[in-house]
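Accompanying notes for the structure given below.
Nothing in this text is a laboratory measurement; each read-out follows from the coordinates by a stated rule. These numbers were taken from a predicted model, which means no experiment stands behind them. Cβ placement follows ideal geometry from the backbone for every residue including glycine, while neighbour counts extend to all protein chains displayed.
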């Protein structure tokens with residue numbers, strides 16, 4: 001199960017469709033559709049952060065790594081911040097990789113226009 005499958009599992013768990021999920025987390029319908037339906041994109045840092053913040057029952061380690069259970073155990077829920085240090089570090093890595101990809105795309109575009 002990859003991260004797109006896990007996001008789809010969250011949508012199903014909440015009895016939502018793509019549009020209602022997109023509205024709930026505050027992103028565009030096409031953004032979610034590109035991740036879970038068409039599977040042409042992997043979710044980036046901002047997308048994942050919005051998912052984590054929108055569902056307080058969600059185990060963020062499961063979302064990022066696929067390990068453990070989708071729903072946080074009772075031990076994890078009391079007064080615990082929704083984003084653990086490990087998950088925050090993983091989200092930082094994802095954000096940095098997204099930024100690097102964007103930089104490479106810009107460089108590639110410049111190379112194509114300036115032969």
request  = Based on a Kirkwood Rh over C-alpha pairs, give the Stokes-Einstein translational diffusion coefficient of the range 1-59 at 4 °C and viscosity 1.567 mPa s in µm²/s.
outcome  = 116 µm²/s
request  = Only helical DSSP H runs with n ≥ 4 go in: add -39500 (n - 2.57) per run for the chain, normalise by residue count and round the 222 nm mean residue ellipticity to 500 deg cm²/dmol.
outcome  = -19500 deg cm²/dmol
remark   = Taking 113, 13 and counting other beta carbon atoms within 10 angstrom, the fewest-first order is 113, 13
ask   = Taking only Cα atoms, what is the 0 to 90° angle, nearest 10, from helix 85-113's long axis to the longest principal axis of the chain?
value = 20 degrees
request  = Within the range 39-76, find all residues whose amide N lies under 20 Å from a label point positioned 7 Å from the Cα of residue 103 along Cα-to-beta-carbon.
outcome  = 44-46
task = Specify the angular offset, from 0 to 90 degrees and rounded to the nearest 10, of the alpha carbon long axis of helix 45-54 from the longest principal axis of the alpha carbons in the chain.
result = 20 degrees
request  = Treating the angle as unsigned and between 0 and 90°, give the value, to the nearest 10°, between the Cα long axis of helix 3-13 and the longest Cα principal axis of the chain.
outcome  = 40 degrees
key: Size-normalised alpha-carbon gyration radius of the chain, reference 2.2 N^0.38 Å   = 1.19
message = Taking 0.36 nm per residue of sequence separation and subtracting the Cα-Cα distance, how much length would be gained by fully extending the chain between residue 40 and residue 24, in nm to one decimal?
response = 3.6 nm
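With a cut-off of 8 Å between alpha carbons and a minimum separation of six or more residues, what is the relative contact order of the chain in percent? Walk me through the numbers on the way to the answer.
Working: 87 pairs, mean separation 26.4, N = 115.
In percent, rounded to a whole number, it is 23.
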task = Give the order of 96, 14 when sorted by the count of other beta carbons within 10 angstrom, beginning with the fewest.
result = 96, 14
